[in-house]
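See below for the structure under consideration.
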Amino acid sequence: MSIQVNELKKIYGEQKAVDGISFSAGKGQVTGFLGPNGAGKSTTMKMITGYLSPDGGSATVCGIDVTKQPLAAKSKIGYLPEANPLYYDMYVREYLEFVAGLHKIEKPAQRIEEVITMVGLTPERTKKIGQLSKGYKQRVGLAAAILHDPEVLILDEPTTGLDPNQIVEIREVIKMLGKDKTILFSSHIMQEVEAVCDRVIIINKGKLVADDTLDNLRSQSAAQQVQVRFAESVDPSQLAQVAGVTAVNAAGENEWSLACADAAETRKALLAFAVDHNLNIVSLQSGVQKLEEVFRNLTGKV
């Protein structure tokens, strides 16, 4: 496996930011790495890339222990951190030439042109980085991360600051790169994860709570969700008391997505609930959970 994490830990005082998580990721796979704010995603990514030392466990990249051989491991990694560090006084091409020099890239001019085109920087290539919009700064960071053609890409919120058109473009770049690289992709935008990722890892409070293909995560809940829309407003705390309901999520005006133990039984219970509370049901159906709903259920966000 290109990325192998084993019982990885990071502790700050009494807080276990990362609490013994283990997972692996292989070549040709885009893995979504999800969790609420403060769950430990960025801390884990920093340990995998060697920017933070773990307090326990290990991380290897392409068979290289990140702690024992940090430079060798980093040569295999392209990293776009959440806080994209750039030299604002440098021009776009000048900065990429600087990065190419650090990686000792052969024929840097040719590779820089390829990457500029790949990430859509051509219109802004002659500007100083400080003059760029946030979205184009993000593209510069992505260009720097892939410039040395690494085997592993660690992307922490790569579409931050991009407009909808730019997001689609970068999404296609990531999917293309994911065909022959290992990509660990963190995002709070569930639609992006669903569009790009083959597999999803979810952590919560420093612990691993899910690790499966996107299809499996959703299909496991396919028969355990009911969508209901009422003509009137309903107190969600009352819906939570309906027999079999395990989680309540708002899905629109007077519309609710209910995770449940048995969809058929929950539909019957909802009909009885509507009668008892003098409510009118506009629509009632079972369905496959979206990733956002799976995420909320696994991380306790109801």
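The values are calculated or read from the model by the stated rules, or taken from the named source; none is laboratory data. What you are looking at is a predicted structure, and each value in this text was computed from that prediction instead of being measured. No Cβ is skipped: glycine too gets one built from the backbone with ideal geometry, and neighbour counts run over all protein chains shown.
Considering each of 80, 96 in turn, give the residue that is farther than 13 Å from residue 149 by Cβ, out of contact with any Asp or Glu (no Cβ under 7 Å at 6 or more places or on another chain) and crowded, with 18+ Cβ neighbours inside 10 Å.
96
Restricting the search to region 1-26, which residues are surrounded by 17 or more Cβ atoms within 10 Å (Cβ to Cβ), of a type outside the set (A, V, I, L, M) and either in contact with a Leu (Cβ under 6 Å, 6 or more places away or on another chain) or closer than 14 Å to residue 61 by Cβ (or both)?
Correct list: 2, 4, 23.
Please find, within region 247-302, the residue that is surrounded by the most Cβ atoms within 10 Å (Cβ to Cβ) out of those that are within 20 Å of residue 212 (Cβ to Cβ) and basic (Lys, Arg).
Within region 247-302, the match that is surrounded by the most Cβ atoms within 10 Å (Cβ to Cβ) is 296.
Select from region 135-155 the residues that are assigned to a helix (DSSP H, G or I) and either under 15 Å from the mean Cα position of the chain (by Cα) or under 20 Å from residue 100 (Cβ atoms) (or both) and list them in ascending order. Give the steps one after another, and end with the answer.
Initial filter on region 135-155 (assigned to a helix (DSSP H, G or I)): 135-146.
Listed by number, the residues that qualify are 136, 137, 138, 139, 140, 141, 142, 143, 144, 145, 146.
Between a residue in region 49-63 that is assigned to a loop (DSSP other than H, G, I, E, B) and any residue that is crowded, with 20+ Cβ neighbours inside 10 Å and among the hydroxyl-bearing types (Ser, Thr, Tyr), which pairs come within a Cβ distance under 6 Å, given they are 6 or more apart or on different chains?
Cβ pairs passing all conditions: 49/79; 62/2.
Could you count how many residues in region 64-88 are small (Gly, Ala, Ser), without any contact (Cβ under 8 Å) to a residue 40 or more places away in the chain and not in a helix (DSSP H, G or I)?
1
Looking only at residues that are outside any strand (DSSP E or B) and at pLDDT 90 or above in region 14-30, which one is nearest to residue 55 (Cα to Cα)?
Per the stated criteria, the residue is 26.
Regarding residue 293, is this residue under 30 Å from residue 24 (Cβ atoms), outside the structural domain of residue 24 (by TED's automatic domain parsing) and of a type outside the set (Phe, Trp, Tyr)? Please lay out each step first, then the result.
Values: under 30 Å from residue 24 (Cβ atoms): yes; outside the structural domain of residue 24 (by TED's automatic domain parsing): yes; of a type outside the set (Phe, Trp, Tyr): yes.
So residue 293 passes the test.
Do we have residue 128 as modelled with pLDDT of 95 or more and either acidic (Asp, Glu) or out of contact with any Lys or Arg (no Cβ under 8 Å at 6 or more places or on another chain) (or both) here?
Judged against the criteria, residue 128 is a match.
Exactly one of (1) of a type in the set (A, V, I, L, M); (2) surrounded by fewer than 16 Cβ atoms within 10 Å (Cβ to Cβ); (3) touching a residue at least 40 places away in the same chain (Cβ under 8 Å) is unmet by residue 129. Its number?
Failing condition for residue 129: (2).
Of everything in region 27-54, what is touching a strand residue (DSSP E or B) at 6+ places or on another chain (Cβ under 6 Å) and either among the β-branched types (Val, Ile, Thr) or loosely packed, with under 15 Cβ neighbours inside 10 Å (or both)? Give them in sequence order.
30, 31, 43, 44, 48, 49
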